[in-house]
Amino acid sequence: MASIPHDAVHGGHGHDDQHDHHPTGIKRWLTTTNHKDIGSMYLWFSFTMFIVGGIMALIIRAELFQPGLQVVNPEFFNQMTSLHGLIMVFGAIMPAFVGFANWMLPLQLGAPDMAFARMNNWSFWLLPPAAILLVTSMFVPGGSVAAGWTMYPPLTVQQGIGMDLTIFAVHILGASSIMGSINIITTILNMRAPGMTLMKMPMFAWTWLITAFLLIATMPVLAGAVTMILTDRHFGTTFFNAAGGGDPVMYQHIFWFFGHPEVYIIALPAFGVVSQILPAFSRKPLFGYHSMVYATASIAILSFIVWAHHMYTTGMPLAGQMYFMFATMLIAVPTGVKVFNWLATMWRGSITLETPMLFCLGFLFLFTMGGFTGLVLSLTPVDIQLHDTYYVVAHFHYVMVAGALFSAFAAVYYWGPKWTGWMYDEKLGKIHFWWSLIAFNVTFFPQHFLGLAGMPRRIPDYNLQFADWNAVSSIGAFAFGTAQIFFLYIVIRMIAGKSGVRAPAKPWDGAEGLEWTVPSPAPYHTFETPPVVK
Ligand code: CU1
């Protein structure tokens, strides 16, 4: 598959070139060190987890279709909300963007592969066991974690063995993310083609460089938090038990010190994807490249000092409430810089609306919505009213689904032809976009109303007054789920070449060249041609 002989890059085992046997079948995938193979595996793993987490979402929405208990018992419902969150965050969204990084970073930087190709293989193959632990935790006595994806004690200290499996899964996922981040940072800092200074890198590389630092800084914090739960459960410690001198609220502080940067671990690579695609379909360079880089870094730094905005109802001193409120509102500034730069990029461009661009515009509109509701929630007095209501659920699904997922779709449509050699079917892609856009809004927009009216999150049953919007939301959810099976069909058709249109070397008419958007001259190579050393 790769044009560079395997051994030339990774050092061979001394077998002669005439009988150079690359493993085939399952052995190829188990042992591969090729960044494209590993990128593909990440993406397929991510889609599989997306379907698993999606089925859980549909079980939730089926139960909430009408008041009363019809489909599952409350205990199982709580497990569904918890696992849905964990699986979507750690199993679906994060691996998707690591998959894009694997595929695109070496190509964008002019590197032969990722810096640590074997560790790259190990990073990926840690994921399936973690996923199996998470999913099988449903079937052990006591069931899986039922305290939400945030795993708050004291409930998680008291739960059955399923919680131990979850803790182990979180440790493995963290190890995988940290190794992936080390790989990404090393590749970006050491393996750029001659002439490509940091400030000439494509934005996707920049956002991933910053994201990788966020991951390395925060994953060990999460690992520490769940390890303390583990020792509270089995080794007689009382970190989170007031009776032993501990404090359950301390868990929330530690968790959210990880949890808030985690939001940007998901969002920043999505910003990177959008910053590549909007210029290509506007036929204009990205507006304000330097300010984009600094805005990304500012968001990352600010993300470490706002965590307690998730904890306004825990009884914080007024000074703390004020500090976390204003610090949180500050994030709107660099985020605004990015949004206005994207708008300025499109301004007076010759825009065409192919599927990747449509998903980017969907992202821009809906992510900004999610940003505004985030600003609403940052206000302490408002948040105390809306805490743990469906308003919060609506808010973060606008950020996560319309933000991260839509830009992941954009990336697959944009880079898919490059990867497979075939164009996807444009008409089907557009149907997928409009179907997803409408179903997404039918699902999540009414949840704002439900939250404002006081409907709590994470409950299987609710008062009669919430019935109508819940029914609408559930119908939207099933429509959204079906749209993603349609997406799978489109991707399989693309891979199989069913569109009948071969993708040229530059699938988007060479517009990708605009990825390099600095005022200084573009680097003398693109990712289509190997770098020429002058
Ligand atoms: Cu946050």
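Of the residues screened, residue 94 is not one that is touching a helix residue (DSSP H, G or I) at 6+ places or on another chain (Cβ under 8 Å), assigned to a helix (DSSP H, G or I) and under 24 Å from residue 468 (Cβ atoms).
Total residues in the range 364-395 satisfying the condition of being crowded, with 17+ Cβ neighbours inside 10 Å and at positive phi: the figure is 0.
Yes or no: residue 473 closer than 22 Å to residue 78 by Cα and of a type in the set (Ser, Thr, Tyr)? Before you say what the answer is, go through the steps one by one.
Numbers: closer than 22 Å to residue 78 by Cα: yes; of a type in the set (Ser, Thr, Tyr): yes.
So residue 473 fits the description; yes.
Answer yes or no: is there a residue in the range 150-163 that is within 20 Å of the chain's Cα centre (by Cα) and surrounded by 19 or more Cβ atoms within 10 Å (Cβ to Cβ). Break it down stepwise before answering.
Of the range 150-163, the ones within 20 Å of the chain's Cα centre (by Cα) are 150-151.
Right, trim to surrounded by 19 or more Cβ atoms within 10 Å (Cβ to Cβ) and you get 151.
Checked the range 150-163: at least one residue is within 20 Å of the chain's Cα centre (by Cα) and surrounded by 19 or more Cβ atoms within 10 Å (Cβ to Cβ).
Looking across 227, 218, one residue alone is within 16 Å of the ligand (Cβ to nearest atom), among the hydroxyl-bearing types (Ser, Thr, Tyr) and closer than 24 Å to residue 308 by Cα. It is 218. Taking the range 58-77 as the range and being modelled with pLDDT of 95 or more and either crowded, with 22+ Cβ neighbours inside 10 Å or charged (D, E, K, R) (or both) as the test, the residues that pass are 61, 63, 64.
For the range 332-358, filtered to residues that are assigned to a helix (DSSP H, G or I) and among the hydroxyl-bearing types (Ser, Thr, Tyr), the residue that is farthest from the ligand (Cβ to nearest atom) is 355. In a residue-by-residue description of the range 347-358, the property of being within 18 Å of the chain's Cα centre (by Cα) and closer than 30 Å to residue 417 by Cβ applies to at least one position.
Listed by first and then second residue, the pairs with beta-carbon distance under 7 Å, at least 6 apart or on different chains, first residue in the range 249-269 and among the hydroxyl-bearing types (Ser, Thr, Tyr), second in a helix (DSSP H, G or I) and within 11 Å of the ligand (Cβ to nearest atom), are 264/303. Taking first residues from the range 321-333 that are closer than 13 Å to residue 383 by Cα and in contact (Cβ under 8 Å) with a residue 24 or more places away in the chain and partners that are away from the ligand (no atom under 13 Å from the Cβ) and among the β-branched types (Val, Ile, Thr), the Cβ contacts under 6 Å between residues at least 6 apart in sequence or on separate chains come to 321/380; 325/380.
Per-residue answers, yes or no, for (1) at pLDDT below 95; (2) surrounded by 24 or more Cβ atoms within 10 Å (Cβ to Cβ):
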| site | (1), (2) |
| --- | --- |
| 97 | no, yes |
| 101 | no, yes |
| 106 | yes, no |
| 111 | yes, no |
| 121 | no, no |
| 126 | no, no |
| 131 | no, no |
| 136 | yes, no |
| 140 | yes, no |
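In the range 248-269 there is at least one residue that is more than 16 Å from the ligand (Cβ to nearest atom), under 29 Å from residue 410 (Cα atoms) and crowded, with 24+ Cβ neighbours inside 10 Å. The residues of the range 283-312 that are surrounded by fewer than 20 Cβ atoms within 10 Å (Cβ to Cβ), aromatic (Phe, Trp, Tyr) and away from the ligand (no atom under 14 Å from the Cβ) amount to a single one, 294. Under the condition of being within 30 Å of residue 38 (Cα to Cα) and either touching a residue at least 12 places away in the same chain (Cβ under 8 Å) or part of a loop (DSSP other than H, G, I, E, B) (or both), the residues counted in the range 126-144 number 13.
Take residue 474 and tell me if it is assigned to a helix (DSSP H, G or I), polar (S, T, N, Q) and more than 27 Å from residue 275 (Cβ to Cβ). Spelling it out, residue 474 is indeed assigned to a helix (DSSP H, G or I), polar (S, T, N, Q) and more than 27 Å from residue 275 (Cβ to Cβ). Looking at the range 313-331, which of the residues that are of a type outside the set (A, V, I, L, M, F, W, C) and more than 11 Å from the ligand (Cβ to nearest atom) is surrounded by the most Cβ atoms within 10 Å (Cβ to Cβ)? Residue satisfying both the conditions and the ranking: 321.
The values are calculated or read from the model by the stated rules, or taken from the named source; none is laboratory data. Treat the numbers as computed from the prediction; the structure is a model and nothing was measured. Note that we place each Cβ from the backbone using ideal geometry, even for glycine, and neighbour counts take in every protein chain shown.
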